[in-house]
1. Fewest Cβ neighbours within 10 Å first, please rank B:M111, A:M1, B:M24, B:M295 accordingly.
2. Do any cysteines in chain A lack another Cys Cβ under 4.7 Å, and if so which?
3. So what is the calculated 222 nm ellipticity per residue for the protein assembly as shown, using -39500 (n - 2.57) for each DSSP H run with n of 4 or more, over all residues, to the nearest 500 deg cm²/dmol?
4. If the cut-off is a Cα-Cα distance under 20 Å, which lysines reach A:K370, setting aside same-chain residues fewer than 8 apart in sequence?
5. Consider a paramagnetic label point 7 Å from the Cα of B:A19 along Cα→Cβ; state which residues of region A:5-34 have an amide N under 15 Å from it.
6. Counting only other chains, what is the mean number of Cβ atoms within 10 angstrom of the Cβ of each residue in peptide B:293-301?
7. Taking A:D302 in one copy and the same position in all the others, each labelled 7 Å out along Cα→Cβ, what are the pairwise distances from the first, in nm, shortest first?
8. Using modelled amide H (1.01 Å from N, peptide plane; none on Pro or chain starts), what sits under 5 Å from the amide H of A:M25, excluding residues fewer than 5 places away?
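Please treat every number below as a calculation from the coordinates, not as lab data. Since the structure is predicted, the reported quantities are computational estimates derived from the model, not experimental observations. When we count neighbours, we look across all protein chains shown, and the Cβ atoms used for this are built from the backbone with ideal geometry, even at glycine.
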Protein chains: 2
Amino acid sequence: MPVATQGTIKGLSVDEVEAAGGRMMLSNAYHLYLRPGDMGVRALGGLHAFTRWPGPMLTDSGGFQVFSLAKLRAVTEDGVEFRSHLDGSLHQYTPESVMRVERNLGADVIMQLDELIAGGAEHDASRAAMERSLRWLERCRVEFDRITRDGREPAPPYTVSSDAPPLATADPEFDLPAPEQALFPIVQGGTHADLRRASIAGVLGTGDWHGIAVGGLSVGEAKADMYRTLEWCEPLLPRTKPRYLMGVGFPDDLIEGVRRGIDLFDCVVPTRIGRHGTAFTPDGTAQVRQSSYRMDRRPLVDGCACPACTRYDRAYLRHLFASGEMLGLRLLALHNVTFLLAIMSDARAALHAGTFTSWSAEWLGRYRAKGARQHDEELAVADS
Amino acid sequence: MPVATQGTIKGLSVDEVEAAGGRMMLSNAYHLYLRPGDMGVRALGGLHAFTRWPGPMLTDSGGFQVFSLAKLRAVTEDGVEFRSHLDGSLHQYTPESVMRVERNLGADVIMQLDELIAGGAEHDASRAAMERSLRWLERCRVEFDRITRDGREPAPPYTVSSDAPPLATADPEFDLPAPEQALFPIVQGGTHADLRRASIAGVLGTGDWHGIAVGGLSVGEAKADMYRTLEWCEPLLPRTKPRYLMGVGFPDDLIEGVRRGIDLFDCVVPTRIGRHGTAFTPDGTAQVRQSSYRMDRRPLVDGCACPACTRYDRAYLRHLFASGEMLGLRLLALHNVTFLLAIMSDARAALHAGTFTSWSAEWLGRYRAKGARQHDEELAVADS
């Protein structure tokens, strides 16, 4: 899922992402709650109508941003108090309020509020956060069932232009008063096998979920720890439900995740490193500002179907970044999104053909042979 | 002509500009001479191959930027010495060197080097610059004839990847070793009728040009002075040659220019004000950040064919600017370019139908009725 943090995949139009093979989009409840406001989005017809994204959509709960971006004031059993990173205003998230926010936004899949702790946290802290997340899941479920059963709450007292005609491309589906939504639980427990197992047991014991997320990874722990944790979880997760690894990732992480039974991913990394001039290639990442591209008329990645690779050459892409031109940012972001979506498409094809083991080994071998060093360098850029 | 100052129309892809109705593009010799260098562009196959613009292309001489952007060191009869605005390096432009730069860049239409002075300059200063521009035109013509007759100079000693395959979309036309080029002279003379007449007589006496430009307008003089100057020039300019008014302009300026016999225009204003969140509308300019757009689900401009108007609503465009999202800049730039190209298309249709007088009066009446105040405010933004 390409990430539209504020309701737009940074630098790209929905048409471009759809043409690149995008099928599901993620948006961020925290950002949209603050601006333009979940009630505003709802009055405008919900996220589908607002962003014009034609496919399925997921919102995270905003919990990750509350714990990482906002200024925390208090975390209690009731919920989280925080100050907005935009204007310092004071807000409260509870499991119940987050369900209402995500209901107003109107994505197809919405996430529970969970408690986040740092990657590699000790057992006691990991256990406490995991157990609280299970209690919050139950509160989310009760509130979700209530508002789903009762239907959408009455329209809020926002002013909508009374003579507003439907948009030229309006889809009647966008105006569904009570969208069908699915609530996904989040498995927590850090990098501790017993806690992950207890979290999965707790999650599976409280509802018949449409899908299950694995959270609390890719938050600072070693990659080997992430892969091992996925291996603990895999046999315990129902085979018939989509499994979503949150906040991951780089090309090799996607393939390592699929190897361990993951179906869904999301990450801002393709657009973020694209804005820094870094491109995914089958041989690792490449910086388009490099001087060897100055007179290089070859495509950025041979065989890539994106406009940056089919329409332009390396010399021009380098020129766009050297000159600070916005088109460069657009093209690299689109290339990177296309590249990740092509990996997932190729992985699906290999799974269907029964060749995933050899395909993934070959893919990772090439990517890591030349790319490991740059990859780590770029991780640092992406995190900056 | 949408303007691709550094070889890209800011924020837009060539496909978008073509779909918006763009037929001819302008690039800037000064910027491309400094970065990536005219010899580099030539080694990469020329501006058409470099930028992938499929239609005709014009380069200005760079003179305007030398006089306005670079740090001038000396202006003599021989030429201009200046320091780069990028790194302070020292450079010289002569009429002859500018011809070689523009030959290397390889646009279809190239402009002479002329001497620029401030709008509203006194008669003596205007006369001196006009007469020098005529002498420089003759030197441009002699050098242009020489390099055109002799064919392109030998390939420069740049390294091009020897195994570079042609791009997927490569057009054999892009690889013409010696493109057909046309040199356009520039009429000068400030806002003085006798000098404009003398300039036109001088220009017409020295060559059989493919087209003629009117320069030195829209540089700070009153709009009424610009229109009056065009009226002096119109009867003296050959009816069978395209007439190009340089650096203009806003919607009403285009229509006022066509009224006075102008065929070609260029201006950065649609993309520049778009980046500031200002949109052209039939009722003047509009700022998309305005609070009245917050819950407005109507298209930005009813009936406009651009993606900003057919795909999104005002509330979403406002949200993109309020959130600092790049997609907003793209969409507004594309809207404004589309808007100006539609005006020119409508003007051509009205001319063919014999209804230009009534069409233009109606268009300007509506645009100025509500728009005059905003228009002037936005001019200030565009110049900032």
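1. B:M24, B:M295, A:M1, B:M111
2. By the Cβ distance rule, which asks for a partner under 4.7 Å, the isolated cysteines are A:C140, A:C233, A:C267, A:C306.
3. One gets -14000 deg cm²/dmol as the mean residue ellipticity at 222 nm.
4. Within the straight-line cut-off, A:K370 pairs with A:K223.
5. A:12-21
6. Averaged over the peptide's residues, the number is 5.
7. Taking the point 7 Å beyond Cα along Cα→Cβ, the inter-copy spacings are 5.6 nm.
8. The answer is A:M57, A:L58.
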